[in-house]
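Only one structure is covered here, and it is reproduced in the block below.
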Amino acid sequence: MKKKVRNNKVILASILALGCLTAASVGFSSWVIAAQNTDDTSNVNVTVDGVKDHRYNFDVTASSSDSTIQLGPSTEGKYISPSGSASEENLNFNFELTFTARGSGAAFDFTSLGDQSFDIKFSFTDTLNINEVGKEYINFPSGTIGTISNSGFTASSDVTATQKNNEITYNGKLTWGSYFGGKNPSELADPTKVDSYIAGLNYLKGCLKDNAAFKITVNIEKK
């Protein structure tokens, strides 16, 4: 069950925790991981760090649309499958940055930047310590989403980000880590790894409880 989360300023998304995670044998080689939706949710927060520069004449606020991240099986696999008929994987996330003129709150006019330009960078903070030493369960992206200048916003290559007036929206995606072979656990083809995959999914379930949160930090850096 997805919860509504108060958008106090910087809420990015809601993560459905892995629920009552069990393994049940069906026949000889069919395993099912039950990732039930629960009332436990985890928030991903995005904050914006200011830049101490007198020429930095705009403010930035962050928000997001109502997106959900789910860490669970995606297909009817040979050994691991969703508990129901639908995929329990959704690794997509997004955030929106709104630029306003400092001191007035009006939409920022990018042409006022003159010959200045700024890189927009972001990174995740694994506040849940999901990735243990030697065990990379989830890959958290980071990098430069693009640059703002007097002509507006230019997205970096291989980045999905758009500008609409004074708003810039970035769409990204988490990926499965090396512990799961860089693929959804339901794609497991090696029966000797079933127990370790179940242990990994149970570990993720334990991390995503009690309103735990990841954090995304966005930095605006002058070039």
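Please tell me if Ala161 is small (Gly, Ala, Ser) and touching a strand residue (DSSP E or B) at 6+ places or on another chain (Cβ under 6 Å).
Working: small (Gly, Ala, Ser): yes; touching a strand residue (DSSP E or B) at 6+ places or on another chain (Cβ under 6 Å): yes.
It is true that Ala161 is small (Gly, Ala, Ser) and touching a strand residue (DSSP E or B) at 6+ places or on another chain (Cβ under 6 Å).
Evaluate the stretch 69-80: report whether one residue or more is closer than 25 Å to Thr162 by Cβ and either in a strand (DSSP E or B) or at pLDDT 85 or above (or both). Quick ask: steps written out before the conclusion?
Applying the first criterion (closer than 25 Å to Thr162 by Cβ) to the stretch 69-80 yields 69-70.
Remaining after also requiring either in a strand (DSSP E or B) or at pLDDT 85 or above (or both): 69-70.
Checked the stretch 69-80: at least one residue is closer than 25 Å to Thr162 by Cβ and either in a strand (DSSP E or B) or at pLDDT 85 or above (or both).
When you scan the stretch 133-163, how many residues do you find that are of a type outside the set (Lys, Arg), in contact (Cβ under 8 Å) with a residue 24 or more places away in the chain and at negative phi?
Step one: of the stretch 133-163, the residues of a type outside the set (Lys, Arg) are 133-134, 136-163.
Going one step further and asking which of them are in contact (Cβ under 8 Å) with a residue 24 or more places away in the chain, we end up with 136-141, 144-153.
So of that shortlist, the ones also at negative phi come out as 136-141, 144-145, 147-151, 153.
Looking only at that region, the number is 14.
Would you point out the residue of the stretch 205-223, among those that are closer than 21 Å to Ser83 by Cα and either touching a Gly at 6+ places or on another chain (Cβ under 9 Å) or surrounded by fewer than 19 Cβ atoms within 10 Å (Cβ to Cβ) (or both), that is modelled with the lowest pLDDT?
If we filter the stretch 205-223 for residues that are closer than 21 Å to Ser83 by Cα, which is where we start, we get 205-209.
Now restrict to residues that are either touching a Gly at 6+ places or on another chain (Cβ under 9 Å) or surrounded by fewer than 19 Cβ atoms within 10 Å (Cβ to Cβ) (or both): 205-206, 209.
Working: Lys205: 78, Gly206: 79, Lys209: 72.
By that ranking, first place goes to Lys209.
The values are calculated or read from the model by the stated rules, or taken from the named source; none is laboratory data. Note that the coordinates shown come from a computational prediction; the quantities given were computed from them, not determined experimentally. Heads up, the Cβs are rebuilt from the backbone with ideal geometry, glycines too, and the neighbour counts pull from every protein chain shown.
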